[in-house]
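The values are calculated or read from the model by the stated rules, or taken from the named source; none is laboratory data. As the structure is a prediction and not an experimental result, all values here were calculated from the model. Positions of Cβ are backbone-derived with ideal geometry, glycine not excepted, and every protein chain shown enters the neighbour counts. What goes into the accessible areas is simple: the full protein's heavy atoms, side chains included, and nothing from ligands, DNA or RNA. Shrake-Rupley method; radii C 1.70, N 1.55, O 1.52, S 1.80 Å.
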Amino acid sequence: MDYKARFRQAVDAVRAEDRYRVFAELKRRRGEFPIARWRGPDGERDVVVWCSNDYVGMGQSEVVLSAMHTAADEAGAGAGGTRNISGTTWYHVDLERELADLHGKQSGLLFTSGYISNEATLGVLSKVLPGVIVYSDSLNHASMIAGIRSARCEKRIWRHNDLDHLEQLLKADDPNAPKLIAFESVYSMDGDIAPIHEICDLADKYGAMTYLDEVHAVGLYGDQGGGVSERDGAAHRIDIIEGTLGKAFGVMGGYIAADAGIVDAVRCWAPGFIFTTSLAPALAAGALASVRHLRARPELRARHQERAAKLKALLRRAGFPVMPSDTHIVPVKIGDPRCCKAICDALLAEYGIYVQPINYPTVPRGEERLRFTPSPLHTDEMMHDLVRALDELWARHHMARIAAA
């Protein structure tokens, strides 16, 4: 067998569908977010980043950087191994306690990423709850899907945010079987929000646990940044809240917060936790500083929402097909992978505007889009520059407009 040819064919298949991804080489500049330095075919230039999940710029915050420098000076670089061997530090313990308190839970557990926290926690379900049935929203993140698959348990896929369909599935199953409903608060590609209380009502009615992914909401919603579940007064109704440290908190890592018994069971049983080297002390220290800072900064969350609303209004006024969004996510539908990539390439090369095309498999075919994530640091001038660039590119590609709103 020609093994190398098989790998080339796999890549060629992606190219043939116009969804081959080319990564822009960027260097973030300390203290200047959302400006970054792009290294392109004609040299280097400054660009404005419009698609970062560092939603409020905490990855550039002096509060975070100072904490990381101090921890690196005090404790060195790595954690020294897995948590079970030599990698538990004061930084990890203090961060877990802070995250548990943020969500009103007894305990927290750190992972190396939000992907791993979902995969590891959901993957351990069948070991702890034999016969469990998982009810998963159809738009759940790939990491949640991977975790449910690795659990090798019974699963039911319910139509996105469709409570009637969820109840039909719950009602059809054995009332004595253990059950878990897994869903997200903010769905990051469409920007819509789950009906948390209504889902919890169904969980109560049918004896199910609840698992909520808050990765695109922590730091951004609620009085202290505990996510949509805090904002809606529903955190106490959720059994397991999962979050990330790599988006609004601006650093790296993932976590769960739950009852102490649940967290201890995951700690004891999940291979994704047991066999992975723990976060570097500097990362844990930076994340802790970020969480504490954002908990005390509701005005930053308010500014973030204002910036998102402003960009949506400008884009709609210009007739661009902004998809419905209840959150800080601003998706603009293109509907064709080739055109989506061409617009993104032109924005970067000609206008110094960086946004990645969102194509299959991140979204379904025919749902290709631009996904803008304005931060509190994006200015009105940057927004007007973006609208002007899109206006020219829309005309160049003969793309339809919608009635100005």
Item checked: Mean accessible surface per residue for segment 148-200, computed with a 1.4 Å probe while every protein chain stays in place, in Å² -> 47 Å²
Checklist line | DSSP-assigned coil residues among trypsin sites (Lys or Arg not before Pro) in segment 120-202, each with at most 11 further Cβ atoms within 10 Å | finding: Arg152
Notebook entry, point to check: Scaled to the compact-protein estimate 2.2 N^0.38 Å, what is the alpha-carbon radius of gyration of segment 250-405, rounded to two decimal places?
Noted result: 1.34
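Rounded, prolate or oblate: which one fits segment 348-392, using the alpha carbon gyration tensor with axes a ≥ b ≥ c (rounded when a/c is under 1.5, else prolate when a/b beats b/c, else oblate)?
Prolate, because a/c is 1.5 or more and a/b exceeds b/c.
Apply the a/c threshold of 1.5 to the C-alpha gyration tensor of segment 83-125 and tell me whether it is rounded, prolate or oblate.
Numbers: a/c = 2.06, a/b = 1.13, b/c = 1.83.
Oblate, because a/c is 1.5 or more while a/b does not exceed b/c.
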Check: Do any GluC sites (Glu not before Pro) in segment 1-82 lie in a DSSP loop with no more than 14 other beta carbon atoms within 10 Å, and if so, which?
Finding: Glu17, Glu25, Glu32
Item checked: Per residue accessible area of segment 1-60, 1.4 Å probe, in Å² -> 68 Å²
Item checked: Accessible surface, segment 343-405, averaged per residue in Å² (probe 1.4 Å) -> 46 Å²
Margin query: Just to confirm my numbers, what's the Cα centroid distance between segment 250-322 and segment 192-239 in Å?
Written below: 15 Å
Notebook entry, point to check: Looking at segment 211-264, what % of its DSSP beta bridges pair antiparallel, to the nearest 5?
Noted result: 60 percent
Checklist line | FRET efficiency estimate (nearest 0.05) - Cβ-Cβ, Ile85 to Lys310, R0 60 angstrom | finding: 0.75
Note to self: Taking 0.36 nm per residue of sequence separation and subtracting the Cα-Cα distance, how much length would be gained by fully extending the chain between Arg45 and Arg29, in nm to one decimal?
What the structure shows: 4.6 nm
Check: For the chain, with only Lys/Arg (+1) and Asp/Glu (-1) charged at the beta-carbon, what is the dipole magnitude about the Cα centre, in debye rounded to 20?
Finding: 880 debye
Margin query: Please report the carbon-and-sulfur percent of the accessible area for the chain; probe 1.4 Å, protein heavy atoms only, DNA, RNA and ligands left out.
Written below: 53 percent
Notebook entry, point to check: Rounded to the nearest 5, what % of the DSSP beta bridges within the chain are antiparallel ones?
Noted result: 60 percent
Item checked: Per-residue [θ]222 nm for the chain (sum of -39500 (n - 2.57) over DSSP H runs n ≥ 4, rounded to 500) -> -13000 deg cm²/dmol
Checklist line | Estimated D of the chain in µm² per second, where Rh is the Kirkwood radius over Cα pairs and Stokes-Einstein applies at 20 °C, 1.002 mPa s | finding: 96 µm²/s
Note to self: Placing +1 on the Cβ of each Lys and Arg and -1 on the Cβ of each Asp and Glu in segment 248-329, which of Ala296, Ala318, Ala257 has its Cα farthest towards the positive end of the resulting dipole?
What the structure shows: Ala318
Next item on the list: Scan the chain and hand back the longest stretch that contains none of the chymotrypsin sites (Phe, Trp or Tyr not before Pro) lying in DSSP loops with at most 13 other Cβ atoms within 10 Å.
Entry: 24-274
Check: To one decimal place, what Kirkwood hydrodynamic radius in Å is obtained for segment 1-144 from all pairs of distinct Cα atoms?
Finding: 20.3 Å
Item checked: Inter-probe distance in nm under a simple model that places probes 7 Å from Cα toward Cβ, at Arg8 and Arg388 -> 4.6 nm
Margin query: Using Cα-Cα distances under 8 Å and only pairs 6 or more residues apart, what relative contact order does the chain have, in percent?
Written below: 21 percent
Check: Once the other residues with Cβ under 11 Å from the Cβ of Ile240 are scored (Lys, Arg +1; Asp, Glu -1), what is the net sum?
Finding: -4
Note to self: Return the equivalent ellipsoid semi-axes of segment 1-76 as a descending list in whole Å, where each equals the square root of 5 times an eigenvalue of the C-alpha gyration tensor.
What the structure shows: 36, 19, 12
Notebook entry, point to check: Relative contact order for segment 22-168 using alpha-carbon pairs under 8 Å, separation at least 6, rounded to a whole percent?
Noted result: 12 percent
Next item on the list: Give the shape of segment 114-223 as rounded, prolate or oblate, defined through the alpha-carbon gyration tensor: a ≥ b ≥ c are the square roots of its eigenvalues, a/c under 1.5 means rounded, and otherwise the shape is prolate if a/b is larger than b/c and oblate if not.
Entry: oblate
Note to self: Can you give me the orientation-averaged projected area of the convex hull built on the Cα atoms of segment 101-156, in nm²?
What the structure shows: 4.5 nm²
Check: What fraction of the DSSP beta bridges in segment 123-199 is antiparallel, stated in percent and rounded to the nearest 5?
Finding: 10 percent
Margin query: Not counting ligands, DNA or RNA, and with a 1.4 Å probe, what is Arg237's accessible surface area in Å² rounded to the nearest 10?
Written below: 60 Å²
Next item on the list: Take the alpha carbon atoms of segment 98-146, find their center, do the same for segment 361-405, and report the distance between the two centers in whole angstrom.
Entry: 34 Å
Margin query: Using only the alpha carbons of segment 320-397, what is the convex hull's orientation-averaged projected area in square nanometres?
Written below: 5.2 nm²
Check: What does segment 320-362 give for Rg and for Dmax, in Å, if only its C-alpha atoms count?
Finding: 11.2, 31
Check: Which value, in debye to the nearest 20, describes the size of the charge dipole of segment 32-120 about its Cα centre when Lys and Arg Cβ atoms bear +1, Asp and Glu Cβ atoms bear -1, and nothing else is charged?
Finding: 260 debye
